[in-house]
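Student: One structure follows; several queries about it will come next.
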Amino acid sequence: MSDMSQMLKGILEGCILSVISKKEVYGYELSEKLKNEGFLEVSEGSIYPLLSRMQRDGWIEGNFKDSPQGPKRKYYVLTHEGKEQLLNFESRWIELRSSVDSILKKGGLI
Amino acid sequence: MKIRELHKFTVDRSKELNETNHEYYKSISSYIRTSNVSQKHAEEILLELLDHLLFAQNEGKNAYGIFGKNPKDYCEELMATLPKKKRTKWLFYAIIYLFFLVISFFLVMLPGMNFASEFLFLQAFFYLIPVFLTEKLIHNMSFKYKTKTILFIALISASVVTIAVYYLLNLLKVVIL
């Protein structure tokens, strides 16, 4: 996997952590929220390997709860470690964004 | 939640999928279930994926759009994050071996069989081969053929091979002694 796609995955993970931090969500709900904010190129299914990895690393916890249709639905919440990772991500993103913005301002075409 | 319950939920609810989605979902279920991923995690994630697919289907989306054009790649990505099975099913294979040992014992009684008991133990092993191989076969062919088709072919070929080996051993014994 290329470094660019790794970086995009990292950004996506940070965004996922952020959405989960506001309110516990299940998979479909999460992908809808991401879509609403403009992550259109990301296929909906790509969140599941990320959610799975984050659970394995202890950043989020998934709990099955009853849903209206009957079969249990998995809801995700942040763990303590997850909150730390989110804070890390937020500060790294702020730095990255300002660097990129500054470079674009000096040389970009827009 | 119990593995069996989870499995039952997925089987029941997957009936609500349309043809394209159902085929896609069946192939990924088959692939993941026959892999070395822990059963509990496999069933849990399959339930989640089904839940998502059903929502998406309601909005006119299809599985290829959600999980990608290559279901195998999607599965590999998913499986890389899931814990593996803790133990191989040695107890399961041991029971099957004993079962075939008993069958072999009765086969010895058939007319024309010159088998003495020393071959029985060896012979029962040959029945295990198709058991080992069938799961592998289903796994590798998840995206090409339906599981029922594979099982049928596996059963027929396994029966033919084991009967052939049985008679061959029988023949060898007669020739050697």
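What follows is calculated from the coordinates using simple rules that are stated; it is not laboratory data. Here the structure is a predicted model, which means the values were calculated and not measured. Positions of Cβ are generated from backbone atoms using ideal geometry, with glycine treated the same way; all protein chains shown enter the neighbour counts.
Student: Diagonalise the Cα gyration tensor of chain B and give the resulting equivalent ellipsoid semi-axes, square root of 5 times each eigenvalue, largest first, whole Å.
Tutor: 42, 16, 13
Student: Taking Cα atoms of chain A, Rg/Rh with Kirkwood Rh, to two decimals?
Tutor: Radius of gyration relative to Kirkwood radius: 1.04.
Student: Given the pairs A:Lys23/A:Lys72; A:Lys35/B:Lys146; B:Lys84/B:Lys144; A:Lys9/B:Lys136; B:Lys85/B:Lys173, which span a C-alpha to C-alpha distance of over 30 angstrom in this model?
Tutor: A:Lys35/B:Lys146; A:Lys9/B:Lys136; B:Lys85/B:Lys173
Student: log₁₀ I(q)/I(0) of segment A:1-65 at q = 0.17 Å⁻¹, via Debye over equal Cα point scatterers, no solvent, to two decimals?
Tutor: With no solvent term, the Cα-only Debye profile gives -0.57.
Student: Would you please name the chymotrypsin sites (Phe, Trp or Tyr not before Pro) within segment A:63-98 that are DSSP coil residues with at most 12 other C-beta atoms within 10 Å of their C-beta?
Tutor: none
Student: Here's a follow-up. Can you give me the relative contact order of chain B as a percent, contacts being Cα pairs under 8 Å and 6 or more apart? Don't jump to the answer; show the numbers that get you there.
Tutor: Values: 130 pairs, mean separation 43.7, N = 177.
Across chain B, relative contact order equals 25 percent.
Student: Where the convex hull is taken over the Cα atoms of the protein assembly as shown, what is its projected area averaged over directions, in nm²?
Tutor: Result: 21.2 nm².
Student: At 222 nm, what helix-only mean residue ellipticity would chain B give, in deg cm²/dmol to the nearest 500, using -39500 (n - 2.57) for each DSSP H run of four or more? The partial results should precede the final answer.
Tutor: Numbers: 8 runs with 132 residues, N = 177.
Roughly -25000 deg cm²/dmol at 222 nm, from the helical runs in chain B.
Student: Still on this structure, please answer the following. Mind checking the mean number of beta-carbon atoms from other chains within 10 Å of the Cβ atoms in B:58-70?
Tutor: 2
Student: Using unit Cβ charges (K, R positive; D, E negative) and no other charged atoms, how large, in debye to the nearest 20, is the dipole of chain B about its Cα centre?
Tutor: With only Lys, Arg, Asp and Glu charged at Cβ, the dipole is about 320 debye.
Student: Rounding to the nearest 10 and keeping the result within 0 to 90°, find how far the Cα-based axis of helix B:19-33 lies from the longest principal axis of chain B.
Tutor: 50 degrees
Student: Something else: Using modelled backbone amide H atoms (1.01 Å from N, in-plane), which distant-in-sequence or interchain residues come within less than 5 Å of A:Phe64's amide H?
Tutor: A:Tyr75
Student: Return the ratio Rg/(2.2 N^0.38 Å) for segment B:5-84, where Rg is computed over Cα atoms only.
Tutor: Values: Rg = 11.8 Å, N = 80, 2.2 N^0.38 = 11.6 Å.
In units of the globular-protein estimate, segment B:5-84 measures up at 1.01.
Student: Using Cα atoms only, what is the angle between the long axis of helix B:39-58 and the major principal axis of chain B, expressed in degrees (0 to 90) to the nearest 10?
Tutor: Once rounded, one gets 40 degrees.
Student: I've got another one for you. What whole-number distance in Å separates the alpha-carbon centres of segment B:33-71 and segment A:61-110?
Tutor: Each part's Cα centre sits 23 Å from the other's.
Student: If you don't mind, there's one more thing I want to ask. How long are the three semi-axes of the equivalent ellipsoid of segment B:11-57, in whole Å, if each is the root of 5 times an eigenvalue of the C-alpha gyration tensor, listed from largest down?
Tutor: Calculated on Cα positions only, the semi-axes equal 19, 11, 8 Å.
Student: Going by how many other beta carbons lie within 10 Å of each one, how would you line up B:Ile95, B:Ile153, B:Ile138, fewest first? Numbers along the way, then the final one.
Tutor: Details: B:Ile95 11, B:Ile153 14, B:Ile138 19.
Fewest to most other Cβ atoms nearby, the residues stand as B:Ile95, B:Ile153, B:Ile138.
Student: Could I ask something else about it? Show me, for segment A:23-37, the HN-Hα J-couplings you get by feeding each phi into the Karplus relation (A = 6.51, B = -1.76, C = 1.60, θ = phi - 60°), rounded to Hz, glycine and proline as x.
Tutor: Coupling constants for segment A:23-37: 7, 5, 9, 9, x, 5, 4, 4, 5, 5, 4, 5, 4, 4, 8 Hz.
Student: So the label point goes 7 Å from the Cα of B:Lys148 along Cα→C-beta, right? Which residues of segment B:6-27 then have their backbone N under 20 Å from it?
Tutor: Backbone N within reach: B:8-27.
Student: Taking 8 Å as the Cα distance limit and 6 or more residues as the minimum spacing, I'd like the relative contact order of chain A as a percentage.
Tutor: Working: 82 pairs, mean separation 30.4, N = 110.
Averaging sequence separation for qualifying contacts and normalising by length gives 28 percent for chain A.
Student: Using the charge dipole of segment B:23-100 (Lys, Arg: +1 at Cβ; Asp, Glu: -1 at Cβ; taken about the Cα centre), state which of B:Tyr74, B:Ile95, B:Tyr31 has its Cα farthest towards the positive end.
Tutor: B:Ile95
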